[in-house]
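For reference, the structure is listed below as structure tokens.
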Amino acid sequence: MINNTYSCIIVDDEPKAVELLQDSIAELYGNVEVVASYNNWKPALHAMKLHDYDIVFLDISMPQKNGMDLLALVPELKSEVIFVTAHSEHALDAFNFGATGYVLKPINDTLLYKTINKAIERINHKRAALSGVTLQPSQNNKIGIPSQKGVDYIDVNDILYLESVNRYTTVVMKNDKLLSSYSIGKYRPMLDGLAFCQVHRSYIVNLNHVKRYEHPGSLYMSNGAVIPVSRQNKDELSRMMNERK
């Protein structure tokens with residue numbers, strides 16, 4: 001069995017930025033542990049040479065040596081690197097270093113979630129290769145649903161649809177439903193590349209649970225729910241459904 005816990009460090013010269021990032025990671029993930037944070041490049045360099053962390057969150061603009069300089073001093077680094085910075089102009093340089101992602105400050109939790117998921121997927125494949133395990137594509141298809149009480153981790157295959165309720169989102173599953181503190185707009189990038197389509201400004205549906213499409217614009221779901229399809233979303237729905245034939 002592949003270990004599904006992940007260690008990370010944060011390297012940023014601004015203590016408040018470190019605190020905000022720690023809070024976001026703790027809210028989004030129960031299995032990603034921030035084991036240390038560094039406001040200076042020297043102790044960060046020592047830690048990165050001494051330990052194999054799963055993820056390094058790295059600021060670019062820091063005194064004396066920036067994030068790029070720090071990475072250049074650790075060419076053997078095995079960690080997935082996620083740049084968290086206020087400077088968008090360094091994105092190309094970051095990816096030339098093989099970075100997993102590039103998250104701009106102020107941090108957007110949706111983008112952060114998507115980037116960490118990408119890092120976790122890469123880590124899982126490395127772990128699988130070392131252990132001789134073959135990963136199935138759906139093995140890591142879990143999503144965190146933040147609510148006022150915490151975060152529920154559910155398999156995306158169990159989601160039938162998401163419905164916007166004011167500034168919140170109801171996530172409807174096969175045998176349950178959750179009220180999320182996120183707006184429905186935050187879920188679009190989280191579900192990008194999966195079998196989900198926004199068919200209305202208030203609805204995102206799992207195409208695996210669509211039983212019938214009825215003109216002029218209604219989707220019948222596997223639980224009997226009827227979802228409206230807006231005119232501006234019909235073409236995208238048709239494209240996605242045709243690709244699945």
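The values are calculated or read from the model by the stated rules, or taken from the named source; none is laboratory data. Computed from a prediction, not measured in an experiment: that's the story for all the values here. Quick reminder, even Gly has a Cβ in these numbers, built from the backbone with ideal geometry, and neighbours come from all protein chains shown.
Restricting attention to region 186-245, and to residues there that are without any contact (Cβ under 8 Å) to a residue 12 or more places away in the chain and charged (D, E, K, R), which single residue is farthest from Val165 (Cα to Cα)?
Lys245
Does Leu70 count as over 28 Å from Ser147 (Cβ atoms) and outside the structural domain of Ser183 (by TED's automatic domain parsing)?
Yes.
With respect to Ala26, is the statement that it is out of contact with any strand residue (DSSP E or B) (no Cβ under 6 Å at 6 or more places or on another chain) and within 26 Å of Gly144 (Cβ to Cβ) true?
When the stated conditions are applied, Ala26 passes them.
Do we find that Tyr113 is at pLDDT 85 or above, buried (at least 21 other Cβ atoms within 10 Å of the Cβ) and over 20 Å from Leu28 (Cβ atoms) in this structure?
no
Just name the residue that is surrounded by the most Cβ atoms within 10 Å (Cβ to Cβ) out of those in region 161-185 that are in a loop (DSSP other than H, G, I, E, B) and over 20 Å from the mean Cα position of the chain (by Cα).
Applying the filter and picking the extreme gives Lys174.
Of the residues that make up region 214-229, is at least one under 19 Å from Thr110 (Cα atoms), of a type outside the set (Ser, Thr, Tyr) and more than 19 Å from the chain's Cα centre (by Cα)?
No, region 214-229 has no match at all.
I'd like to check which strands (runs of 3 or more DSSP E) are fully inside region 1-89 and have at least 1 residues that are over 19 Å from the mean Cα position of the chain (by Cα) and either among the aliphatic types (A, V, I, L, M) or crowded, with 17+ Cβ neighbours inside 10 Å (or both).
It comes to 6-11, 32-38.
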